[in-house]
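Take a look at the structure set out below.
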Amino acid sequence: ERLNFADFSVRAEQVPRYVVEKLRKIRGVTMLTPRVKTDVSVELASGKKLMGRTLGIPPEQPQVDDLLVKKGRFFKKGESRVCIAESHFADFYGIKPGDYLYYLRQGSRIPIKVIGVAGNPEYLVLAGDKGDFSPMLSASTMAIFWVPTEDARWMANLPNLYNQVLFKVADYSRVDDTVASAEEVMKNTGIKEVVTRDQHNGNNMLKMDLEGMRSFALFFPLLFLGIACFSIYILLSRLVYTQRPFIGVMRAMGYRRRDILGHYLSFALIIGLIGAVVGMAAGFGLSYFITTMYARTLGFPLVKTRTYWLVLLQGGMLSLAFCAFAGIVPAARSARLDPSKAMRGETLETVFKQPLLERVLPPLKGLPMFLKVPLRNMF
């Protein structure tokens, strides 16, 4: 939103200025930026040669697919032989304002001064165009940088012409109508491709990455809560098991079943409440850390974080619900105990029953005791 990511772009062989003026008048177009896009050969100061993608833009801001300058400055009117390096590429090679790139042209090595490092919505994720060899671009092999329009025209051999136009529209749901109007105006310019926001490789890759992150963010908390529920169930069951004589005494003294039920259920709910409070606080801090690291890894120029109070509340309620579920069965079992049997302990009620696994697989009966006992304990 802030950097005006293009709703669609049209690449053509030659776009004269008068066509650009006609495009500005198309109904529904709110912003338009013509530019010159071409691939060139460049060399770093270290002598490493790379494929370069130059994007010639006007010196005025704001514009469609605008730049957020992170280091250095933006272009000044009339400047030449200067560039702004794309942040992924610049970070990989440690390029900073004041360094030089060298444009290779017909055997000549022409210096271009780096005056800034910038992020851009078009390259939030380094993705190629439709005609590129790969849908992914690598910061190690592709030097992406912006230059003044006149420099790009010289590099692309397009005097007083453009070869790409970027559009913002008032209503994206009607973008097809606006695209059709633009194609009509540009019908004699040699249109090569039209790319809408939904067809943009980088946009689609970012969406896929975020959806994958969303799946992990949903799956793992539920997995951990499930494990916690199972653990609490086992612990409370063991607690009830060891305290059966005391439960019998309590029942004989007149404690009601619901008192005993509430007593043992409160163990689980206290665990759930403490876990919810600590978990919400820790989760808030960790989510901020993960969001920041995720954005830094992908190289986002802008990161806006927001607290989702409903999600925190849902996490707390899930914690309580899972703990209550884990505690209800052992608590109910303790409340149902007959006082006389409970006071005598567990041994008088115990009747050995051969586990199903040993009945299905008879050779397991012959296992040594140090294996048989833990195996039976599982059941």
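Could you identify the single residue in E60, E79 that is within 27 Å of V29 (Cα to Cα), assigned to a loop (DSSP other than H, G, I, E, B) and out of contact with any Leu (no Cβ under 9 Å at 6 or more places or on another chain)? Going through E60, E79 in turn, just one is within 27 Å of V29 (Cα to Cα), assigned to a loop (DSSP other than H, G, I, E, B) and out of contact with any Leu (no Cβ under 9 Å at 6 or more places or on another chain): E60. A single entry from R258, R214 fulfils the requirement of being surrounded by fewer than 17 Cβ atoms within 10 Å (Cβ to Cβ), under 18 Å from the mean Cα position of the chain (by Cα), part of a helix (DSSP H, G or I) and at pLDDT 85 or above: R214.
Scan the stretch 32-51 for residues that are surrounded by fewer than 17 Cβ atoms within 10 Å (Cβ to Cβ) and of a type outside the set (D, E, K, R) and the total you get is 6.
Of the candidates L312, L273, L265, the single residue that is open to solvent by 50 Å² or more (accessible area, probe 1.4 Å), closer than 21 Å to G226 by Cβ and touching a residue at least 12 places away in the same chain (Cβ under 8 Å) is L273. If the condition is being open to solvent by 70 Å² or more (accessible area, probe 1.4 Å) and either in contact with a Phe, Trp or Tyr (Cβ under 8 Å, 6 or more places away or on another chain) or more than 28 Å from K71 (Cβ to Cβ) (or both), then the stretch 282-304 contributes F284, L286. Considering (1) outside any strand (DSSP E or B); (2) of a type in the set (A, V, I, L, M, F, W, C); (3) in contact with a Gly (Cβ under 9 Å, 6 or more places away or on another chain), the lone condition that F5 does not fulfil carries the number (3). Has the stretch 226-237 got any residue that is open to solvent by 70 Å² or more (accessible area, probe 1.4 Å), within 30 Å of N120 (Cα to Cα) and not acidic (D, E)? So far as the stretch 226-237 goes, no, none of its residues is open to solvent by 70 Å² or more (accessible area, probe 1.4 Å), within 30 Å of N120 (Cα to Cα) and not acidic (D, E).
The set of residues in the stretch 9-24 that are of a type in the set (K, R), closer than 16 Å to V64 by Cβ and touching a residue at least 12 places away in the same chain (Cβ under 8 Å) contains only R11. Counting the residues of the stretch 114-129 that are open to solvent by 10 Å² or more (accessible area, probe 1.4 Å) and in contact with a Lys or Arg (Cβ under 9 Å, 6 or more places away or on another chain) gives 3.
Scanning the stretch 186-211 for residues that are open to solvent by 70 Å² or more (accessible area, probe 1.4 Å) and closer than 21 Å to V20 by Cβ turns up K187, N188, K192, R197. For first residues located in the stretch 180-206 and over 16 Å from F167 (Cβ atoms) and in contact (Cβ under 8 Å) with a residue 60 or more places away in the chain, partners that are open to solvent by 70 Å² or more (accessible area, probe 1.4 Å) and among the aliphatic types (A, V, I, L, M) and lie 6+ apart or on another chain with Cβ distances below 9 Å form the pairs N201/M136; M205/M136.
Tell me, which strands (runs of 3 or more DSSP E) lie completely within the stretch 86-182 with 1 or more residues that are more than 21 Å from M51 (Cβ to Cβ) and β-branched (V, I, T)?
Because the criterion is at least 1 residues that are more than 21 Å from M51 (Cβ to Cβ) and β-branched (V, I, T), the strands (runs of 3 or more DSSP E) in the stretch 86-182 that meet it are 108-119, 162-169.
Scan the stretch 154-198 for residues that are of a type in the set (K, R) and touching a Lys or Arg at 6+ places or on another chain (Cβ under 6 Å) and jot them down. Answer for the stretch 154-198, where residues must be of a type in the set (K, R) and touching a Lys or Arg at 6+ places or on another chain (Cβ under 6 Å): just K192.
The values are calculated or read from the model by the stated rules, or taken from the named source; none is laboratory data. This one's a predicted model, so the numbers in the text were calculated from it and none came from an experiment. Methodologically, a virtual Cβ is constructed for each residue, glycine included, from the backbone with ideal geometry; neighbour enumeration extends over all protein chains shown. Just the protein is used for accessible areas: all its heavy atoms, side chains included, with ligands, DNA and RNA removed. Shrake-Rupley method; radii C 1.70, N 1.55, O 1.52, S 1.80 Å.
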